[in-house]
Ligand SMILES: [Zn+2]
Ligand SMILES: [Zn+2]
């Protein structure tokens, strides 16, 4: 599926090819801290098909809980997370941050990963009063 998107401030825009069957909620503590919220939502980029249309990306390399080195990218102007991929050995998952995708309403999570570090309340949001 061809998608496009960008960061919060508009500096970064991109096009990518993603597989909607790979949309996942990631409960790892890196995603919690780096996103500033409870979990990350990512979709797999197919065959490295990501094209930056404007702006540039700042890269932060981090050794993940899995032991692999992940290159986390974000907008240097507003800090929006854009994608993450493995540097060197290890899992080759190239994940695009679903919240930056313009077509994100079509990206429904298919699985949850790193559930052992999930926050206790995320399993049943319907129990929380809505306004
Ligand atoms: Zn930005
Ligand atoms: Zn994660």
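For the chain, what percent of Cα pairs sit more than 17 Å apart?
59
With the contact rule set at Cα under 8 Å and sequence spacing of 6 or more, what percent relative contact order holds for region 2-116?
Computed value for region 2-116: 33 percent relative contact order.
Which distance in nm do the two modelled labels at residue 126 and residue 2 give, with both placed 7 Å along the Cα-to-Cβ direction?
About 3.8 nm, to one decimal.
Return the single residue from 37, 13, 51 with maximal mean-square fluctuation; model: Gaussian network over the chain, springs between Cα atoms under 10 Å.
37
Test of understanding: in a Gaussian network model of the chain with alpha carbons linked when under 10 Å, which of 113, 18, 41 would top the mean-square fluctuation ranking?
Per the Cα network of the chain with a 10 Å cutoff, 113 tops the list.
Over all distinct alpha-carbon pairs, what is the Kirkwood Rh of region 85-131 in angstrom?
This gives a value of 14.0 Å.
How would 33, 73, 86 line up from fewest to most surrounding beta-carbon atoms within 10 angstrom? Could you put the intermediate results ahead of the total?
Numbers: 33 10, 73 20, 86 17.
Arranged by neighbour count, lowest to highest, 33, 73, 86 become 33, 86, 73.
We did not get these values from a lab; they are worked out from the coordinates using the rules stated. Nothing here was measured: the structure is a model prediction, and the numbers come from that model. All Cβ positions, even for glycine, are placed from backbone atoms using ideal geometry, and neighbour counts span all protein chains on display.
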